[in-house]
Amino acid sequence: MIAFVALLCWVSALLSHGLLQPKIQRLLGIGNRHGGLLQAVRCVLPVVALVVCLRQSMPLALLLWLGMFSLGGLLAGGVLTLASVRARKPRVGA
């Protein structure tokens, strides 16, 4: 359960980081309306993931935190890639 919570925190933080990038905003056709909220999420959730992981013993906690960062980066990158591909795909109307 600790790994799952840490993974959710990292995915959310890295998605927020991605959504703050101007290129991603252009690709998805979104503005920067919630920039302050995204910046707060990007800063706070990695710390929350670290606190959750620290419930394990020290070497395991650090490895778990860094490992979930890696998986979270892959998942966030995949989600942003899928979203940008879908945003660029022309809609077929009836």
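The values are calculated or read from the model by the stated rules, or taken from the named source; none is laboratory data. Keep in mind that this is a model prediction, so the values were computed, not measured. Methodologically, a virtual Cβ is constructed for each residue, glycine included, from the backbone with ideal geometry; neighbour enumeration extends over all protein chains shown.
Checked against the criteria, ARG33 does not count as basic (Lys, Arg) and in contact (Cβ under 8 Å) with a residue 12 or more places away in the chain.
Looking only at residues in segment 20-72 that are surrounded by 13 or more Cβ atoms within 10 Å (Cβ to Cβ) and under 24 Å from PRO90 (Cα atoms), the one that is nearest to the chain's Cα centre (by Cα) is ILE24. For segment 1-33, name all the residues that are modelled with pLDDT under 90 and either touching a strand residue (DSSP E or B) at 6+ places or on another chain (Cβ under 7 Å) or of a type in the set (Gly, Ala, Ser) (or both). Within segment 1-33, GLY29, GLY31 meet the criteria. Among the residues here, LEU45 does not qualify as closer than 11 Å to LEU14 by Cβ and in contact (Cβ under 8 Å) with a residue 60 or more places away in the chain.
Would you tally the residues in segment 51-60 being without any contact (Cβ under 8 Å) to a residue 24 or more places away in the chain and either of a type in the set (D, E, K, R) or within 15 Å of CYS9 (Cα to Cα) (or both)?
2
Surrounded by 11 or more Cβ atoms within 10 Å (Cβ to Cβ) and in a loop (DSSP other than H, G, I, E, B) - does that describe any residue in segment 3-19? Checked segment 3-19: no residue is surrounded by 11 or more Cβ atoms within 10 Å (Cβ to Cβ) and in a loop (DSSP other than H, G, I, E, B).
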